[in-house]
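So the structure is just underneath, and the comments pick up after that.
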Amino acid sequence: MSLFRKLFGSKSDKQMEELKSEERGKYMPEIKLPIDERFTINFKANGGKFLYCEDLNEVYTNLEYIIEENKWHKDKVLLLDDNLKDRFENSEINPTNKISESTFFLTTCENLIADDGSLLISSKQIFEKKLPELPFNFIVFATTSQIVENIGEGLRGIKSKNKQKIPTNITTIKHFKSSEEKDFLSYGSSAKNLYLLLLEDL
(Lines give C-alpha, C1' and ligand atoms only; values in the text may rest on other atoms or scores of the structure.)
Protein backbone atom coordinates (compact mmCIF):
# COMPACT_ATOMS: atom_id res chain seq x y z
CA MET A 1 0.00 0.00 0.00
CA SER A 2 2.87 2.37 -0.75
CA LEU A 3 0.31 4.04 -3.04
CA PHE A 4 -0.88 6.06 -0.04
CA ARG A 5 2.55 7.64 0.29
CA LYS A 6 2.45 8.65 -3.35
CA LEU A 7 -1.02 10.06 -2.94
CA PHE A 8 -0.20 12.76 -0.39
CA GLY A 9 0.38 15.95 -2.29
CA SER A 10 1.75 14.16 -5.34
CA LYS A 11 -1.42 13.30 -7.25
CA SER A 12 -2.34 16.51 -9.06
CA ASP A 13 -5.57 17.23 -10.88
CA LYS A 14 -3.61 17.23 -14.11
CA GLN A 15 -2.45 13.65 -13.53
CA MET A 16 -6.04 12.61 -12.78
CA GLU A 17 -7.18 14.21 -16.02
CA GLU A 18 -4.48 12.34 -17.92
CA LEU A 19 -5.99 9.04 -16.77
CA LYS A 20 -9.27 9.99 -18.41
CA SER A 21 -7.64 11.67 -21.40
CA GLU A 22 -9.52 11.56 -24.69
CA GLU A 23 -6.22 10.72 -26.41
CA ARG A 24 -6.85 7.12 -25.37
CA GLY A 25 -9.71 6.99 -27.81
CA LYS A 26 -13.44 7.30 -27.55
CA TYR A 27 -14.11 3.57 -27.23
CA MET A 28 -11.22 2.61 -24.96
CA PRO A 29 -12.29 1.54 -21.45
CA GLU A 30 -11.62 4.07 -18.70
CA ILE A 31 -8.55 3.27 -16.61
CA LYS A 32 -9.72 2.15 -13.16
CA LEU A 33 -7.62 3.37 -10.25
CA PRO A 34 -6.63 0.90 -7.50
CA ILE A 35 -9.27 0.57 -4.78
CA ASP A 36 -7.20 2.35 -2.09
CA GLU A 37 -6.51 5.37 -4.31
CA ARG A 38 -10.17 5.61 -5.32
CA PHE A 39 -11.29 5.59 -1.69
CA THR A 40 -8.76 8.26 -0.69
CA ILE A 41 -9.60 10.57 -3.60
CA ASN A 42 -13.37 10.28 -3.01
CA PHE A 43 -13.04 10.58 0.78
CA LYS A 44 -11.01 13.78 0.47
CA ALA A 45 -13.45 15.11 -2.16
CA ASN A 46 -16.23 14.62 0.43
CA GLY A 47 -14.29 16.85 2.82
CA GLY A 48 -12.78 14.15 5.05
CA LYS A 49 -9.38 14.55 6.70
CA PHE A 50 -7.15 11.57 6.11
CA LEU A 51 -4.12 10.43 8.14
CA TYR A 52 -2.26 7.34 6.89
CA CYS A 53 -0.46 5.38 9.65
CA GLU A 54 2.14 2.64 9.12
CA ASP A 55 1.88 1.33 12.69
CA LEU A 56 -0.03 1.84 15.94
CA ASN A 57 2.54 4.33 17.27
CA GLU A 58 1.71 6.59 14.33
CA VAL A 59 -2.01 6.19 15.10
CA TYR A 60 -1.44 7.40 18.69
CA THR A 61 0.82 10.25 17.52
CA ASN A 62 -1.69 11.42 14.91
CA LEU A 63 -4.51 11.24 17.45
CA GLU A 64 -2.50 13.59 19.67
CA TYR A 65 -1.96 15.96 16.72
CA ILE A 66 -5.72 16.07 16.05
CA ILE A 67 -6.48 16.79 19.72
CA GLU A 68 -3.78 19.46 19.82
CA GLU A 69 -4.92 21.08 16.56
CA ASN A 70 -8.49 21.39 17.85
CA LYS A 71 -7.54 22.22 21.47
CA TRP A 72 -9.54 19.23 22.79
CA HIS A 73 -7.13 18.34 25.62
CA LYS A 74 -9.61 19.26 28.35
CA ASP A 75 -12.67 18.04 26.43
CA LYS A 76 -14.33 14.67 26.80
CA VAL A 77 -14.46 12.06 24.05
CA LEU A 78 -17.51 9.87 23.46
CA LEU A 79 -16.18 6.30 23.55
CA LEU A 80 -18.83 3.58 23.28
CA ASP A 81 -16.67 0.66 22.12
CA ASP A 82 -14.95 -1.25 24.98
CA ASN A 83 -12.29 -2.68 22.63
CA LEU A 84 -11.40 0.83 21.55
CA LYS A 85 -11.17 1.92 25.21
CA ASP A 86 -8.52 -0.76 25.77
CA ARG A 87 -6.62 0.13 22.60
CA PHE A 88 -6.44 3.84 23.48
CA GLU A 89 -6.12 3.52 27.27
CA ASN A 90 -2.62 5.03 27.23
CA SER A 91 -3.65 8.00 25.10
CA GLU A 92 -4.32 11.33 26.77
CA ILE A 93 -8.08 11.34 26.28
CA ASN A 94 -10.98 11.81 28.72
CA PRO A 95 -13.57 9.16 27.80
CA THR A 96 -17.27 9.39 28.56
CA ASN A 97 -20.32 7.41 27.44
CA LYS A 98 -22.62 10.44 27.60
CA ILE A 99 -23.21 12.33 24.36
CA SER A 100 -24.12 15.54 26.21
CA GLU A 101 -20.67 15.69 27.86
CA SER A 102 -18.59 14.97 24.74
CA THR A 103 -16.92 17.22 22.17
CA PHE A 104 -15.84 14.49 19.77
CA PHE A 105 -16.57 10.82 19.05
CA LEU A 106 -13.82 8.20 18.73
CA THR A 107 -15.04 5.11 16.90
CA THR A 108 -14.32 2.40 14.35
CA CYS A 109 -16.38 1.56 11.25
CA GLU A 110 -17.50 -1.53 9.35
CA ASN A 111 -15.98 -0.61 5.99
CA LEU A 112 -14.53 2.18 3.88
CA ILE A 113 -16.36 2.44 0.53
CA ALA A 114 -14.07 3.19 -2.44
CA ASP A 115 -16.80 4.11 -4.96
CA ASP A 116 -18.04 7.17 -3.07
CA GLY A 117 -15.54 7.73 -0.24
CA SER A 118 -18.10 7.01 2.47
CA LEU A 119 -17.85 5.09 5.76
CA LEU A 120 -20.20 2.19 6.52
CA ILE A 121 -21.16 1.98 10.20
CA SER A 122 -23.61 -0.07 12.24
CA SER A 123 -24.96 -0.64 15.75
CA LYS A 124 -21.54 -2.08 16.65
CA GLN A 125 -20.18 1.47 16.53
CA ILE A 126 -23.15 3.73 17.27
CA PHE A 127 -25.52 1.30 18.99
CA GLU A 128 -29.07 2.59 18.41
CA LYS A 129 -28.07 6.26 18.22
CA LYS A 130 -28.96 8.36 15.18
CA LEU A 131 -26.14 10.23 13.42
CA PRO A 132 -27.53 13.72 14.19
CA GLU A 133 -27.54 12.84 17.93
CA LEU A 134 -23.79 12.16 17.92
CA PRO A 135 -21.11 14.88 18.25
CA PHE A 136 -20.29 16.91 15.14
CA ASN A 137 -16.59 15.91 15.43
CA PHE A 138 -15.67 12.31 14.56
CA ILE A 139 -12.32 10.52 14.73
CA VAL A 140 -12.56 7.13 13.02
CA PHE A 141 -9.94 4.40 13.45
CA ALA A 142 -9.87 1.93 10.54
CA THR A 143 -7.48 -0.37 8.66
CA THR A 144 -6.61 -0.65 4.96
CA SER A 145 -8.13 -4.17 4.86
CA GLN A 146 -11.55 -2.58 5.51
CA ILE A 147 -11.59 -0.84 2.11
CA VAL A 148 -14.18 -2.38 -0.21
CA GLU A 149 -15.41 -1.50 -3.71
CA ASN A 150 -19.01 -0.56 -2.91
CA ILE A 151 -21.78 -0.63 -0.28
CA GLY A 152 -23.07 -3.99 -1.56
CA GLU A 153 -19.70 -5.60 -0.88
CA GLY A 154 -19.61 -3.99 2.56
CA LEU A 155 -23.09 -5.30 3.43
CA ARG A 156 -22.16 -8.81 2.29
CA GLY A 157 -19.07 -8.61 4.51
CA ILE A 158 -21.15 -7.58 7.53
CA LYS A 159 -23.51 -10.49 6.90
CA SER A 160 -20.71 -13.08 6.56
CA LYS A 161 -18.83 -11.84 9.66
CA ASN A 162 -21.95 -11.78 11.84
CA LYS A 163 -23.84 -14.96 10.97
CA GLN A 164 -25.23 -15.38 14.50
CA LYS A 165 -26.57 -11.83 14.84
CA ILE A 166 -26.44 -9.25 12.07
CA PRO A 167 -25.91 -5.70 13.40
CA THR A 168 -28.77 -3.21 13.06
CA ASN A 169 -28.71 0.55 12.46
CA ILE A 170 -26.50 0.17 9.35
CA THR A 171 -25.83 3.52 7.67
CA THR A 172 -23.14 5.47 5.83
CA ILE A 173 -21.44 8.76 6.61
CA LYS A 174 -20.53 10.56 3.41
CA HIS A 175 -20.63 14.33 3.96
CA PHE A 176 -17.79 15.86 5.94
CA LYS A 177 -18.47 19.56 5.34
CA SER A 178 -21.29 21.33 7.13
CA SER A 179 -21.99 23.49 4.05
CA GLU A 180 -22.97 20.34 2.15
CA GLU A 181 -26.07 19.97 4.33
CA LYS A 182 -27.62 22.68 2.17
CA ASP A 183 -26.87 20.72 -1.00
CA PHE A 184 -29.91 19.03 -2.57
CA LEU A 185 -28.04 15.72 -3.01
CA SER A 186 -27.15 15.53 0.68
CA TYR A 187 -30.62 16.45 1.94
CA GLY A 188 -31.51 14.41 5.03
CA SER A 189 -27.90 13.41 5.74
CA SER A 190 -25.89 14.52 8.73
CA ALA A 191 -22.56 16.19 7.93
CA LYS A 192 -19.67 15.50 10.29
CA ASN A 193 -16.22 17.02 10.78
CA LEU A 194 -14.40 13.72 10.28
CA TYR A 195 -10.79 12.60 10.72
CA LEU A 196 -9.77 9.13 9.53
CA LEU A 197 -6.83 7.37 11.20
CA LEU A 198 -6.07 4.65 8.63
CA LEU A 199 -3.71 1.90 9.78
CA GLU A 200 -1.80 -0.14 7.17
CA ASP A 201 -2.50 -3.82 7.84
CA LEU A 202 -1.99 -5.43 4.40
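Remarks
- Selection of the stretch 139-178 for residues being buried (at least 18 other Cβ atoms within 10 Å of the Cβ) and farther than 15 Å from Glu110 by Cα yields His175, Phe176.
- Sole exception among (1) open to solvent by 50 Å² or more (accessible area, probe 1.4 Å); (2) under 17 Å from Leu194 (Cα atoms) for Pro135, by number: (1)
- Counting the residues of the stretch 63-85 that are under 17 Å from Phe141 (Cα atoms) and either among the β-branched types (Val, Ile, Thr) or open to solvent by 20 Å² or more (accessible area, probe 1.4 Å) (or both) gives 10.
- Meets criteria (in contact with a Cys (Cβ under 6 Å, 6 or more places away or on another chain) and either farther than 21 Å from Asp82 by Cα or modelled with pLDDT of 95 or more (or both)) for Ile121: yes
- The residues of the stretch 60-73 that are more than 18 Å from the chain's Cα centre (by Cα), assigned to a helix (DSSP H, G or I) and in contact (Cβ under 8 Å) with a residue 12 or more places away in the chain amount to a single one, Asn70.
The values are calculated or read from the model by the stated rules, or taken from the named source; none is laboratory data. This one's a predicted model, so the numbers in the text were calculated from it and none came from an experiment. In this analysis, Cβ positions are derived from the backbone assuming ideal geometry, glycine residues included, and neighbour counts consider all displayed protein chains. Just so you know, the surface numbers come from the protein's heavy atoms only, side chains and all, with ligands and any DNA or RNA stripped out. Shrake-Rupley method; radii C 1.70, N 1.55, O 1.52, S 1.80 Å.
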